[in-house]
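Only one structure is covered here, and it is reproduced in the block below.
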Amino acid sequence: MFGWTSRQRNVAIASFLSWTLDAFDFFILVFLLSDIASAFQVDIKEVTIAILLTLAVRPIGALLFGRAAEKYGRKPILMINIACFSVFELCTAAAPSLTIFLILRVIYGVAMGGVWGVASSLAMETIPDRSRGFMSGVFQAGYPFGYLLAAVVYGLFFNTVGWRGMFVIGAVPIFLLPFIWFKVQESPVWLAARERKESTALLPVLKSQWKLCLYLVVLMAAFNFFSHGTQDLYPSFLKIQHGFDAHTVSLIAIGYTIASIIGGIFFGSLSERIGRKKAIIIAALLSLPVIPLWAFSSGTWTIGLGAFLMQFMVQGAWGVVPSYLTEMVPANTRAVLPGFVYQLGNLLASVNATLQAYIAESHGHNYGLAMAIVAGTVAIVISILVAFGQDTRGKAIAGAINNQTADHPAKV
């Protein structure tokens, strides 16, 4: 952040925390699958439907909140978005039955779906162009950092507050709103586009760029299988297959989540030097030799090391995604289109947890095998898809406008 203005730093902080706290609320659930199943007297596989449903409806949120952000601005819609998913997370704590629980996770999923596109567009349109690779890694690191927070909170408070109390804690993102209201300013790119009265119609873009959109949806489906396929059932893998207690699970999760953050920032920054494509392919392919240690080893230390290395690579590849998607799409669709294709990819990958649970139960509850099959397959798929794509490193987005507005930034 050396050389950034206070405006740029505040936007970076707000965008990172928005995605972090959104992820925190989502990942609380993955630590509680077995406990919720026990409370409602069902199998874990039935509770994993909540993950499927949450992921499946996220494109709706991306479309609704993204379109609103194109029309009304990034800042106010981001605030509304955060308020919505915080309230629905709190409501989840009071669910009296599995059916109500699932309905609430659907509504939460819509709210969750809007954050990535709106927050990433605000960040990428405000920071200097030369820092976009670094900011991409930092922003995407918010997702594993949210996982880290969930792991820490689970380890510290679960035995005291229970699974319902964990969802009450999940309402804390609402306290981010005062910072955004007082310290964050609107995207200078959006303000300039509003002055020029540029069209924000999405349908013409989808018609003219349908090949690009289809490619990005398939790519993001593979990416989401990569992340969710290595994260969502890992706590269950540690508890059920290896018999680790909550404290041990929390420590391992903290370790591999720290690796995720480091990996995202490292490969995001590296992409500014070697290109987006090379950075993604290197990270994805390096995950393959880690799979045996990650999924089939035994013992706390070896499993922990495998998890650390795997998430360094997985989130390393992901660290390039925010800048890559932002640079790929037309200028007047950055709040809606990157988030929309991302969440459509999530929709295709939403079957992951249920699919892996089915594979595991069909092979004697071997969760390691189920995760290895998915992780290995999608690592290769991502590498092939990215190899056929274009490299967008160096594309100008915010530089000229930032230079014009740094001394007299517009306020909204």
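Some points to look at:
- Residues in the chain average 37 Å² of solvent-accessible surface per residue, probe 1.4 Å, ligands and nucleic acids excluded.
- Cross-link check: pairs Lys197/Lys278; Lys197/Lys395; Lys211/Lys278; Lys45/Lys239; Lys71/Lys277; Lys183/Lys278 evaluated at a Cα-Cα cut-off of 26 Å; pairs beyond the cut-off: Lys197/Lys278; Lys71/Lys277; Lys183/Lys278.
- Rounded to the nearest 10 degrees, the inclination of helix 132-169 to the longest alpha-carbon principal axis of the chain is 40 degrees.
- With the alpha-carbon atoms of the chain aligned to their principal axes, the span from lowest to highest coordinate is 61, 43, 41 Å, starting with the largest.
- Pairwise centroid distance, computed over Cα atoms, of the stretch 76-137 with the stretch 199-244, Å: 15
- Taking the charge dipole of the chain about its Cα centre, with +1 at Lys and Arg Cβ atoms and -1 at Asp and Glu Cβ atoms, the residue from Tyr367, Ala295, Val57 reaching farthest to the positive side is Val57.
- Relative contact order (%) - criterion: Cα under 8 Å, at least six apart; region: the chain: 28
- The distance linking the stretch 303-355 with the stretch 1-49 is 14 Å (Cα centroid to Cα centroid, whole angstrom).
- MRE, 222 nm, helices only [DSSP H, n ≥ 4, -39500 (n - 2.57), over the chain, to nearest 500]: -24000 deg cm²/dmol
- For the stretch 55-169, the Kirkwood hydrodynamic radius comes to 15.6 Å, computed from all pairs of different C-alpha atoms.
- Farthest toward positive dipole pole in the chain [+1 Lys/Arg, -1 Asp/Glu at C-beta], among Phe182, Thr160, Ala317: Phe182
The values are calculated or read from the model by the stated rules, or taken from the named source; none is laboratory data. Please read these numbers as outputs of a predicted model, since none were measured by experiment. Heads up, the Cβs are rebuilt from the backbone with ideal geometry, glycines too, and the neighbour counts pull from every protein chain shown. Protein only, heavy atoms only, side chains kept; ligands, DNA and RNA dropped before computing areas. Shrake-Rupley method; radii C 1.70, N 1.55, O 1.52, S 1.80 Å.
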